[in-house]
Amino acid sequence: APPPAGTAALAPEEREEGAGGGGGGRRRVVVLGTGWAAHALAKVVDLAANDVCIVSPRNYFVFTPMLAAASVGTVEYRSILEHIRSANPTLRFYKGACEAIDVERHEITVRPVAEGTEAPFTLAYDVLVVAVGLRPSAVGVPGVYEHCLFLKGIEDARALRTRVTECFERADLPTASDADRRRLLTFAVVGGGPTGCEFCGELSDFVRNDLRKFYPRLPPPPGAGAPAP
């Protein structure tokens, strides 16, 4: 199928034909995503044999095991990020989203996500690596998508930290009743996997150690100061 109307063709030097498809006979490898798989590939790919281009709306890799710590300020956000161009400066990277894959013509259509009015464009490939990851799961619990925050990326970590501190600010208002405070300072975590367990630990430390210093008038959380079992 032809690309959508208004789609720009890739520059001739980036569409070089010949043995292997890419420049100098190298295979044209297009990678979608900047997560774990794409980041690992960028570090180890043989650029002598492959002409690699990465396409993603996000131009950085996130070290996700530290997201829980970043969500409460134990570590700074920038310390768990690596720009994808830093992973391998010789790779090409386009900030955009893949809108269509034409498997017959070996082309993808990319929509730029940078601010501006840039037109979509096509990229030819010999090998296409789809490493876009997965969306967070609601693990079958009704209401999760409608009412919960997730912890998948940096934006999620920022949103969680903002929400927790906002709850404490509202609970500290002189107009807040005891019932309001109990409601505002009750946190529920859905999911008991690595992310859920790590966040529970980080949130507990954040509430018991850091926030209690700034909100001394609020009642301590249940079990605060109790000896460990």
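The values are calculated or read from the model by the stated rules, or taken from the named source; none is laboratory data. This one's a predicted model, so the numbers in the text were calculated from it and none came from an experiment. Counting neighbours? That spans all protein chains shown, and the Cβs are built from the backbone with ideal geometry, glycine included.
A single entry from 151, 91, 67 fulfils the requirement of being in the same structural domain as residue 208 (by TED's automatic domain parsing), modelled with pLDDT of 90 or more and not small (Gly, Ala, Ser): 151. Give the residue that is nearest to residue 121 (Cα to Cα), with candidates limited to residues of the range 43-61 that are touching a Lys or Arg at 6+ places or on another chain (Cβ under 9 Å) and hydrophobic (A, V, I, L, M, F, W, C). Per the criteria, the residue is 55. For residue 86, the test of being among the polar types (S, T, N, Q) and either in contact with a strand residue (DSSP E or B) (Cβ under 7 Å, 6 or more places away or on another chain) or within 29 Å of residue 204 (Cβ to Cβ) (or both) is failed. All conditions in (1) acidic (Asp, Glu); (2) in contact with a Gly (Cβ under 9 Å, 6 or more places away or on another chain); (3) not assigned by TED's automatic domain parsing to the domain that holds residue 45 hold for residue 169, with the sole exception of (2). Looking only at the range 106-128, decide whether some residue is in contact with a helix residue (DSSP H, G or I) (Cβ under 9 Å, 6 or more places away or on another chain) and either free of Cβ contacts under 8 Å to residues at least 24 places away in the same chain or buried (at least 17 other Cβ atoms within 10 Å of the Cβ) (or both). Scanning the range 106-128 turns up at least one residue that is in contact with a helix residue (DSSP H, G or I) (Cβ under 9 Å, 6 or more places away or on another chain) and either free of Cβ contacts under 8 Å to residues at least 24 places away in the same chain or buried (at least 17 other Cβ atoms within 10 Å of the Cβ) (or both). If you go through the range 81-104 and keep only what is within 17 Å of residue 120 (Cβ to Cβ) and without any contact (Cβ under 8 Å) to a residue 12 or more places away in the chain, you end up with nothing. Selection within the range 205-221: residues that are hydrophobic (A, V, I, L, M, F, W, C) and either over 12 Å from residue 181 (Cβ atoms) or in a helix (DSSP H, G or I) (or both). The member of this set that is modelled with the lowest pLDDT is 211. Of the strands (runs of 3 or more DSSP E) contained entirely in the range 78-142, those carrying at least 3 residues that are among the hydrophobic types (A, V, I, L, M, F, W, C) fall at 92-102, 121-124, 127-130.
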